[in-house]
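Please treat every number below as a calculation from the coordinates, not as lab data. Values in this document were obtained by computation on a predicted structure and should not be read as measured data. Glycine also receives a Cβ, built like all others from the backbone with ideal geometry; neighbour counts cover every protein chain displayed.
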């Protein structure tokens with residue numbers, strides 16, 4: 001049956017578009033969680049090798065770790081202040097893969113400009129493959145000099161000032 005001449009079709013199409021958006025919008029946010037790439041210990045080593053020539057702060061954290069969430073803004077500020085001088089920050093979440101959405105909510109609120117990954121594990125074999133001294137505590141920060149040599153191993157939360165003291169001498 002043809003459309004009734006006294007009823008314009010535009011309002012009907014507008015409503016259909018609105019309904020479609022309401023249905024698809026939650027899925028758009030869910031798809032965003034895939035923006036957090038997974039990483040394993042071998043890929044971490046490859047990433048470190050790729051960043052030779054830079055000072056690298058490799059940081060392990062989780063949203064369920066209160067000291068980690070308190071410390072995270074210091075990393076964001078540190079990177080903003082020292083990236084141009086050769087600092088690379090790489091953050092690896094230890095949250096389970098099922099918690100990726102929670103990680104993404106936290107990350108969106110912090111808005112870091114540095115690379116982020118999710119390891120999705122709290123297995124001892126993962127910890128030991130990163131560094132034999134790592135006993136599973138988080139946060140953990142490993143700071144490498146420009147040659148790729150590990151210079152600082154910090155098991156526990158740090159302040160912006162403490163991070164800054166470590167990296168300043170390595171950036172010279």
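Put a dot 7 Å past the Cα of residue 70, heading toward its Cβ, do the same for residue 128, and the two dots end up 3.2 nm apart. If R0 equals 30 Å, the separation of the Cβ atoms of residue 85 and residue 46 corresponds to a calculated FRET efficiency of about 0.80. Under the shape rule built on the C-alpha gyration tensor, where the axes satisfy a ≥ b ≥ c, the range 53-134 is oblate, since a/c reaches at least 1.5 while a/b does not exceed b/c.
Once both labels are positioned 7 Å from their Cα atoms along Cα-to-Cβ, the gap between residue 150 and residue 97 label points is 2.6 nm.
In plain terms, the residue of 55, 70, 107 with the fewest other Cβ atoms within 10 Å comes first and the most crowded comes last, giving 70, 107, 55. Taking 0.36 nm per residue of sequence separation and removing the Cα-Cα distance, the residue 172/residue 111 pair yields an extension gain of 19.2 nm.
Treating r as the C-beta distance of residue 135 and residue 160 and R0 as 22 Å, the FRET efficiency rounds to 0.30.
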